[in-house]
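The values are calculated or read from the model by the stated rules, or taken from the named source; none is laboratory data. Every value quoted in this text rests on a predicted model; they were computed, and no experiment measured them. Note: ideal-geometry Cβ built from the backbone for every residue, glycine included; neighbour counts use all protein chains shown.
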Ligand code: FDA
Ligand code: NAP
C-alpha cells in the first residue's frame, strides 16, 4: 500500500502486529456489510514485512491459546480470515484435526498471521515507523478533529506526514532488562534471541546462562541444551523452581470477553483480586509439558552422572560486567551455598519479561490533552479510547497498555477479535454521529463514551 503525503484517513493504525491486523480485518468486514461509504484506513509498521515475535519462533514451541482465539472467530465465526479457512487454504485441515490438539505451534500460527496480513496488504505500509503525532495547533494541516502523524521510512527514505481522524496505537510490549544491565552481542534479551544466537559463533558458546522463570526462559534453556551439546547451561531462577501456568477451565475464564466488563466496571479491590489470584495464568509461569521436559533432563543427568544443566534457584542477577569475549555475572541469593556468587559465561539471556505498552512517548505534547487517574495512569473509555480534554475531539485508541482499565487480556491474543470489533464499532458510530446520519447511528451498538465513574 502507498499511503499518500497529506492524505487524511478515518483511521491510522500505528503498528501492524496481530492487534491492528485484526482491526484492519474488522473494519473491512464492517464496511463490507454495513456502509456504502467505507471507513478509510491506513496502517504503518516499522518492520520490512509482517513479523510476530520472530526471535522467539523456537522449533516446536506451541501457542498458549486455542487456535479458535485467532484474529476473527470470536467476533465473526464465518470470517474468511479465520485459522480454519487458513488450514483449508493450505490443504492441511484434515491433518490438523487428526492431531486432536487445540494448540498449533508458534511457527504455524506465524504462517497463519502472515497469510492474513497478505490478505490485507492494501491497507498496510511496511518499513514505516510512526515517530510523532501532532495535534490541533501543532501542525499547519491539522483541524480540531484530526491529527497529523510523521512516518519515517525505516529503509532510509526520509519522512512524510499523513492525517487521521482516529489513531489506534498498538506498538506492543517493551523488553525489560534489570537496572544497569546493558545489551550487547553477548548480553541478550529474549526478544532478540534467535537473531543474536544466529550471529554468534556457536563453538565459542561453552557456557551460557538464562535468567528468569517464565515461558521464555524455559524455552530458551531447553533450546540451548539441545543446540549446544558441548555447553554448560545455567538457569538462573528467582523462584525455587518453575511454576506451572494455570490454564484450567475456571481460571481460563479471566480471558473471556465478558471478564473485560467485570474488570472494567469493577472497583479497585475487584481489579486487585483478578491480579492476585490469576497472575499465574500468564506471568512468570511455564507450560506443564516444558517443566516436565526440563526436569526429565535433570533427572537423566543424575542417572548418567554427566551434568551440564545447572539450576541456580532463589537467585537473581545483580550486575553483569563484560570480560573479554564473555561476561562475568554477579548473582545475589539468600542461599548460603558453597557456590560462588560469580558466574563466567560466554553469553547470557535475560528472559526477564516485558513492560506493558505506554503511549506517552509517542503522544509527545499531545499527552497534555489526555486525562489521567489519581495514580497517574491514562484514563480510558470502555471502547479503548483515551479520555481527552474537549479541545481534542479525534479518537486515540489503545490496543495494549490497558491492563489497569481492561485487565489481563490487554497484551494478549485471547480477546483481540472481540476488542478490535468493539473499536471498529466505536469508530463507525462516532463518524455516523458526527456526520449526522441517524440511520447508521441507530443500527450500531453503543459502547462509545462509557467510562467507569472515578
Ligand atoms: P505486537 O508486539 O505483536 O505488535 C506490535 C507491532 O508494532 C510490531 O510489529 C512492531 O514492530 C510495531 N511497532 C512498534 N512501534 C512502532 C512504531 N512507532 N511505528 C510503526 N510500527 C511500530 N499471547 C497470547 O495470547 N498467546 C500466545 O501464545 C502468546 N505468545 C507469545 C510469545 C512471545 C514470545 C511473546 C513475547 C508474547 C506472546 N504473547 C502471546 C503476547 C503478545 O503480546 C501477543 O501475542 C501479541 O504480540 C500482541 O499483539 P500486538 O499487535 O498488540 O503487539
Ligand atoms: P514473564 O512471564 O514476565 O517472566 C519473566 C521472568 O523473569 C519471571 O520469572 C521474573 O521473575 C524473572 N525476572 C525478572 N527480573 C529478574 C531479575 N532481575 N533476575 C532474575 N529473574 C528476573 O516473561 P516471558 O517469559 O518473556 O513471558 C512474557 C509473555 O510472553 C507471556 O505472556 C508468555 O506467556 C508469553 N510467551 C509465550 C510463548 C509461547 O507462546 N510459546 C513463549 C514465550 C513467552 P518475577 O516473577 O519474580 O519477577
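Just a few scattered comments:
- Failed item in (1) in contact with a strand residue (DSSP E or B) (Cβ under 8 Å, 6 or more places away or on another chain); (2) closer than 18 Å to residue 227 by Cβ, with residue 290 passing the rest: (1)
- Among the residues of region 88-110, none is identified as under 15 Å from residue 71 (Cβ atoms), out of contact with any helix residue (DSSP H, G or I) (no Cβ under 8 Å at 6 or more places or on another chain) and surrounded by fewer than 14 Cβ atoms within 10 Å (Cβ to Cβ).
- Within the span defined as region 85-104, one or more residues are within 10 Å of ligand 1 (Cβ to nearest atom), within 19 Å of the chain's Cα centre (by Cα) and farther than 30 Å from residue 430 by Cα.
- Criterion applied to 16, 43 was being assigned to a loop (DSSP other than H, G, I, E, B), at pLDDT 95 or above, in the same structural domain as residue 153 (by TED's automatic domain parsing) and in contact with a strand residue (DSSP E or B) (Cβ under 8 Å, 6 or more places away or on another chain), and the one residue passing it is 16.
- Close Cβ contacts (under 7 Å, 6 or more residues apart or on different chains) running from residues in region 130-141 that are closer than 23 Å to residue 156 by Cβ and at pLDDT below 85 to residues that are within 16 Å of ligand 2 (Cβ to nearest atom) and part of a strand (DSSP E or B) are absent.
- Only strands (runs of 3 or more DSSP E) whose full extent lies in region 186-282 are considered here, and the ones with at least 1 residues that are in contact (Cβ under 8 Å) with a residue 60 or more places away in the chain, away from ligand 2 (no atom under 16 Å from the Cβ) and over 20 Å from the mean Cα position of the chain (by Cα) are 207-211, 232-236.
- Among residues of region 172-184 that are closer than 9 Å to residue 353 by Cα, those with a Cβ under 6 angstrom from a residue that is part of a loop (DSSP other than H, G, I, E, B) and near ligand 2 (Cβ under 8 Å from one of its atoms), sequence gap 6+ or separate chain, pair up as 176/352; 176/353.
- Some residue of region 26-33 being crowded, with 24+ Cβ neighbours inside 10 Å and either modelled with pLDDT under 90 or in a helix (DSSP H, G or I) (or both): yes
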